[in-house]
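In what follows, a structure is listed as structure tokens, so that the remarks can point back to it.
Each value in this text was obtained by applying a stated rule to the coordinates, not by laboratory testing. Please read these numbers as outputs of a predicted model, since none were measured by experiment. Cβ sites come from the backbone with ideal geometry, for glycine too, and all protein chains shown count toward neighbours.
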Amino acid sequence: MNAAPRPLAAPAPSAHALPPALALVPHALAVLWLGLMAGFFGTYSGNVNLATLTLDGRTYAVVQSELNRNVRHPLFFALFFGPPVWCLLALATGWSRRREGWWLVLATVAVAYVAGIVFFTREVNVPLNALTEGWNPAAVPPDWAAVRAQWNAANLWRALLSLVAFVAGLATLVWRTARAFGPWPASRGAPACPPPCTPARL
């Protein structure tokens, strides 16, 4: 009489692998940073820029220049350049899962942020800032309102793209977490998956 086959043991996690919850930390920080930047650009487009539409040329030149100068501080730069850094760290912790959908979407988010926010800002918003800061408030150029409209439109693009990036990044975090930990148990004492369970993989 043959003995019943013994179930295969689940493969042991790599000694160098991060614990599942720890591996999610940079991913969660990437989503947080994306949300902060979406809120920053959205506040400008939905509030500050609407207020500047009521200003005359002289006042706009002074106010916009002061806003531009006072936003250049270490905290802003950490927030502005942080999303792609956290995304890269999140992608690195999930390198073994690089063929999965969440990994590919998060990589796309990182590329979109670098191209559509960082480089776009350097090529569009920064030159407009320099132009505005070079104005003499007592004698603004005739096309000052067109420059204001260009800056507002450029910031609206950043607000919309950063919002899309935040939503996509949040979706990848939920997606990754669901794949790593499986469905919630049906009852409090029920196992999350029938034995033998495979270890969470991030």
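Shape class of segment 127-186 from the alpha-carbon gyration tensor: prolate, with a/c at 1.5 or above and a/b greater than b/c.
For segment 57-154, a crude dipole built from +1 on the beta carbon of Lys and Arg and -1 on the beta carbon of Asp and Glu, taken about the Cα centre, is about 260 debye to the nearest 20.
Listed values for segment 142-147 are Karplus-derived 3J(HN,Hα) couplings in whole Hz (6.51 cos²θ - 1.76 cosθ + 1.60, θ = phi - 60°), namely x, 9, 4, 5, 5, 5, and x replaces Gly and Pro. With Cα atoms defining each centre, segment 54-112 and segment 21-36 are spaced 13 Å apart in the structure.
Stretching A138 away from S96 to a fully extended chain increases their span by 9.1 nm, per 0.36 nm per residue minus the current alpha-carbon distance.
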